[in-house]
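Have a look at the structure below before the remarks.
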DNA sequence: CGCCGGTACCTAGTTTGGCTAAGTACCACT
DNA sequence: AGTGGTACTTAGCCAAACTAGGTACCGGCG
C-alpha cells in the first residue's frame, strides 16, 4: 500500500536534512517503516537522482565506505509540494469513504 | 500513489452494497477517482474474486449484457478491516512527517 | 595478523497493481 | 442497419515495491 508514498517521504526527509542512504533507512525505521528493505531505499535514491530531483555529493566516512549525500534541489522541492498535495486529496477521499462504511 | 488502496476502497463499496463492475466505476468517479480506468476496476474484481474475498452472482440486465454482481464475504470483510487499520497507521505516519516538514 | 561486526552501497530478478488500448457483446432506439 | 449506452474481458506495458544476495571500507578484538 506504500507504493508511491515512499519517494515523497524520503524526499521530504532529505529536504529537512541532506543525508545518505544508510541514515535514511534508520530514519525510516524510527518512523514506523520498519520493514522497508535497504535495497528498496537505495533503488529509490538512484531513481530520484536520475530524475534530477536531488543533488549528490560524496562524503568520506570514518566508520566505513564513503557516503553519498543527497540534497533536494528546486525540482525536488516542487515534487515534494505536489506529492503532499496529492496525498492530501487522496487522504480526504479515503477518509470520506471510511466514514461512510458499515462496521 | 493509489496503488493498493483501490482494492480496499472497492471492497468497502461492495460491503455497503453488492453491485457490479460498471456501477463500481461510476461510484468511484463520483468520489474523485475520475481517472481510474475501467480495465483497472475489472482486473481488480477478477483479483479479489480469485482470492475468495467476494461471492459472485450473475444477474440479467434489461439495458445490456448480464451483470456480475459481487458481494463481500467474511474473508473479504476481514480484509476490509485490516485494510483500514493499515491505512490508518500509514495515514498517521505520513501526517506526522508532513507536520514536521519545512515549507 | 585475520576475521568479525557495523557501516555503506549496489545489483539482478520477481511480484504487484496500476495503466493503455483494444475487443466482444447485449440492448434500445431511430 | 447503425449508433450509443451498458457491461465485461483481454493482452501487454510499466513503475515501484520486494527478495536475496554481493561488494567494500573500517575499527577492534583475540
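Here are some notes:
- Residue list for the range B:28-43, restricted to those being more than 11 Å from DNA strand C (Cβ to nearest atom) and not in a helix (DSSP H, G or I): B:31, B:32
- Residues in the range A:9-21 that are more than 8 Å from chain B (Cβ to nearest Cβ) and either in a strand (DSSP E or B) or closer than 16 Å to residue A:47 by Cα (or both): A:10, A:11, A:14, A:19, A:20, A:21.
- Unique match (being away from every other protein chain (no Cβ under 14 Å), out of contact with any helix residue (DSSP H, G or I) (no Cβ under 6 Å at 6 or more places or on another chain) and in a helix (DSSP H, G or I)) among B:46, B:25: B:46
- Here residue B:3 fulfils each of the conditions (1) under 12 Å from the mean Cα position of the chain (by Cα); (2) exposed (fewer than 15 other Cβ atoms within 10 Å of the Cβ); (3) more than 16 Å from DNA strand D (Cβ to nearest atom) apart from (3).
- Boolean, residue A:25 is within 12 Å of DNA strand C (Cβ to nearest atom) and surrounded by fewer than 16 Cβ atoms within 10 Å (Cβ to Cβ): no
- Residues that are touching a helix residue (DSSP H, G or I) at 6+ places or on another chain (Cβ under 6 Å) and more than 14 Å from every other protein chain (Cβ to nearest Cβ), drawn from the range A:57-103: A:70
- When residue A:39 is tested against the conditions (1) over 23 Å from residue B:100 (Cβ atoms); (2) away from DNA strand D (no atom under 15 Å from the Cβ), the lone failure is (2).
- Qualifying position, being in contact with a helix residue (DSSP H, G or I) (Cβ under 6 Å, 6 or more places away or on another chain), surrounded by 14 or more Cβ atoms within 10 Å (Cβ to Cβ) and at pLDDT 95 or above, among B:36, B:54: B:54
The values are calculated or read from the model by the stated rules, or taken from the named source; none is laboratory data. The shown structure was predicted, so the numbers you read here are calculated from the model rather than taken from an experiment. Here the Cβ is made from the backbone with ideal geometry for all residues, glycine too, and neighbour counts use every protein chain on show.
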